[in-house]
Amino acid sequence: MSNEQIDNEVKELLKRAVAPVQDAELRRDLWPQMLRKLDERPSPPRAIPWLDWALVAIVSAVLIFFPGSIPALLYHL
Amino acid sequence: MELLERFAAGDLEAFEVLFRQHQKEVYAWIVRIVRDTGFAEDLTVETFWRIYNHRTQFRPDGNFRAWARRIATNAALDHLRHARAETFLPDDLPCAPSPDPVLRGETRHQISKAFHELPAKYRLVATLALVEEERYANIAQAAGISESLVKIRVFRAVRMLRKKLNFLRAEVTTK
């Protein structure tokens, strides 16, 4: 038996064992549940992009290793 | 202001309108993936919670339905990753009865167990493509991957199942 035939047989076995969902109808309105969740779980704080963290790290490293650059930085701020 | 613009601006009433318009469709998509009505309800709410929290990322001229389906697929995938193995195929799910009486009982249990042991991303595409017979293009759009990657994952899922079911094939074909 070829690989393709075996694969088809496995697919057929799966279809015979796991039937598709016939009734996917929602039975109730979920809006009250949604409102509860919005009350319980406030929006998470906005994530800071990794690039911002990288810039902070670079600037900090420059200031630590080259303290002479602090006046120049203050001048440009 | 249009409904989607009001939603993106954080208007809760606009969100409620969208929720009521789309909750049935989102639920129907999720229940076909997770195959449990209780989890599907919770995940529908989780999906809309994510939608509301990421509303600023939504472009009001975009396709809300497709965006919601993609977020629903991610929520369902997260569930598949974390769900315990014992939660597979509850008996109360309104599925068609198994057409083949040979596959009732222990054999059916073994096949569905092997299926639910697949890694989540493979189970997702295999459920939608092989069991629910959803079009590859729809699966690709919902999962945020290419159609060819869907085909590859279905192929790999079948190969993984084949290994797991090797002993069962002989048993079933001899019956």
### Query
What is the Å³ per residue value for the convex hull set by the Cα atoms of the range B:101-160?
77 Å³
### Query
Based on the Cβ-Cβ distance of A:R41 and A:N3, what FRET efficiency does E = 1/(1 + (r/R0)^6) give at R0 = 45 Å, to the nearest 0.05?
0.40
### Query
Loop-only check: which trypsin sites (Lys or Arg not before Pro) in chain A are DSSP coil with at most 13 other Cβ within 10 angstrom?
A:R27, A:R28, A:R46
### Task
Between A:S60 and B:R159, with labels modelled 7 Å along Cα→Cβ, what's the label distance in nm to one decimal, could you check?
4.5 nm
### Task
Mind computing the radius of gyration and Dmax over the alpha-carbon atoms of the range B:1-91? Å is fine for both.
14.0, 48
### Task
Rank the residues B:M160, A:M34 as a footprinting-exposure proxy: fewest other Cβ atoms within 10 Å of their Cβ go first.
B:M160, A:M34
### Query
When the helix-only estimate is applied to chain A (DSSP H runs of n ≥ 4, each -39,500 (n - 2.57), divided by the residue count), what is the mean residue ellipticity at 222 nm, nearest 500 deg cm²/dmol?
-20000 deg cm²/dmol
### Message
Could you work out the relative contact order of the range B:1-91? I mean the mean sequence separation of Cα pairs under 8 Å and 6+ apart, divided by the number of residues, in percent.
### Response
36 percent
### Query
So what is the relative contact order for the range B:2-53, in percent, with contacts set as C-alpha pairs under 8 Å and at least six apart?
28 percent
### Two-site FRET efficiency, B:A83 against B:E5, from Cβ-Cβ distance with R₀ of 41 Å, rounded to 0.05
0.65
### Query
Which of the helices in chain A, when you take each full DSSP H run, stretch at least 18 Å along the axis at their Cα atoms and have an average Kyte-Doolittle score of 1.6 or higher?
A:50-65
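No value in this document is a laboratory result; all are computed from the given coordinates. These numbers were taken from a predicted model, which means no experiment stands behind them. Quick reminder, even Gly has a Cβ in these numbers, built from the backbone with ideal geometry, and neighbours come from all protein chains shown.
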